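The values are calculated or read from the model by the stated rules, or taken from the named source; none is laboratory data. On a predicted model such as this, the values are computed, not experimentally measured, just so you know. Virtual Cβ from ideal backbone geometry, glycine too; neighbours counted across all protein chains shown. What goes into the accessible areas is simple: the full protein's heavy atoms, side chains included, and nothing from ligands, DNA or RNA. Shrake-Rupley method; radii C 1.70, N 1.55, O 1.52, S 1.80 Å.
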Amino acid sequence: MLKIKETVIVEGKYDRIKLKSIIDAPVICTNGFRVFKDKEKQNLIRSAALSRGLLIMTDSDGAGFVIRNFLKGTVPLDKIKNCYIPQIKGKEKRKEQPSCQGFLGVEGVSDSVIIQAVKNSGATVLDEKPHENKENCGEITKQQFYALGLTGRENSKALRTLLLKSLNLPCYLTTNAMIEALNCLLTPNELEEKLQEILDSK
């Protein structure tokens with residue numbers, strides 16, 4: 001498994017599932033072109049860019065480049081590294097028809113192709129371990145949120161608001177959106193430390 005510093009941006013949930021089995025890093029889905037109007041997602045991507053930097057890994061077709069160029073216009077260019085998947089003809093197993101241009105997307109190319117593309121991109125590799133098929137390893141979860149008092153308690157909402165403000169994140173985030181955002185900015189241990197800082201300063 002390849003551990004990298006940057007947050008990876010992909011187009012869809014199947015791309016995310018693919019990457020989480022071979023790369024140890026936060027992964028955000030743009031949900032295709034929906035990111036163009038999704039201000040909450042744009043804010044999350046900006047926060048991830050400022051915190052860790054971004055590695056943009058869209059499909060190698062025209063739509064992928066449109067999304068890539070849009071993201072370049074929303075965050076500082078020095079926070080972006082581009083990962084290009086080679087144009088390989090083919091069709092993903094779950095699809096009945098190939099894409100319009102007939103190229104495999106991120107989810108369809110082999111693990112070795114993705115790993116090589118990441119290394120070629122100049123991403124900050126922190127560690128490389130033997131391949132492990134682990135998803136969501138070491139991520140902040142709803143269970144941890146409950147254990148830390150961020151849900152299920154009388155003052156949970158107020159505590160979440162304080163945490164969001166301290167990280168310059170929108171205070172209106174739902175619990176699920178907040179967990180997704182935190183996983184792009186903090187490790188589970190860093191979340192506990194941050195929360196303790198907030199409680200100590202009250």
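If we scan the stretch 176-185, do we find a residue that is more than 16 Å from the chain's Cα centre (by Cα) and open to solvent by 40 Å² or more (accessible area, probe 1.4 Å)? No, that holds for no residue. Can you find a residue that is at pLDDT below 90 and farther than 12 Å from Leu44 by Cβ anywhere in the stretch 177-187? The answer is yes; a qualifying residue exists. Part of a helix (DSSP H, G or I), among the basic types (Lys, Arg), free of Cβ contacts under 8 Å to residues at least 60 places away in the same chain and closer than 27 Å to Thr175 by Cα - does that describe any residue in the stretch 48-59? No: the stretch 48-59 contains no residue that is part of a helix (DSSP H, G or I), among the basic types (Lys, Arg), free of Cβ contacts under 8 Å to residues at least 60 places away in the same chain and closer than 27 Å to Thr175 by Cα. Of everything listed in (1) among the aliphatic types (A, V, I, L, M); (2) surrounded by 12 or more Cβ atoms within 10 Å (Cβ to Cβ); (3) modelled with pLDDT of 90 or more, the single unmet condition for Ala158 is (2). Only residues that are of a type in the set (Val, Ile, Thr) and without any contact (Cβ under 8 Å) to a residue 40 or more places away in the chain were counted in the stretch 60-70, giving 1.
Listed conditions (1) in a loop (DSSP other than H, G, I, E, B); (2) among the aromatic types (Phe, Trp, Tyr); (3) without any contact (Cβ under 8 Å) to a residue 12 or more places away in the chain are all met by Tyr84, apart from (3). Assuming Asp78 fulfils every condition listed in (1) of a type in the set (D, E, K, R); (2) within 19 Å of Ala117 (Cβ to Cβ); (3) more than 16 Å from the chain's Cα centre (by Cα) apart from one, which condition is it? With (1) of a type in the set (D, E, K, R); (2) within 19 Å of Ala117 (Cβ to Cβ); (3) more than 16 Å from the chain's Cα centre (by Cα) applied to Asp78, the lone miss is (2). Read through the list (1) farther than 20 Å from Pro188 by Cα; (2) among the hydroxyl-bearing types (Ser, Thr, Tyr); (3) open to solvent by less than 50 Å² (accessible area, probe 1.4 Å), then give the number of the only condition that Tyr14 fails. Only one criterion in (1) farther than 20 Å from Pro188 by Cα; (2) among the hydroxyl-bearing types (Ser, Thr, Tyr); (3) open to solvent by less than 50 Å² (accessible area, probe 1.4 Å) is unmet by Tyr14, namely (3).
Residue under question is Ile115, and the condition is that it be surrounded by 20 or more Cβ atoms within 10 Å (Cβ to Cβ), at pLDDT 90 or above and part of a helix (DSSP H, G or I); does it hold?
no
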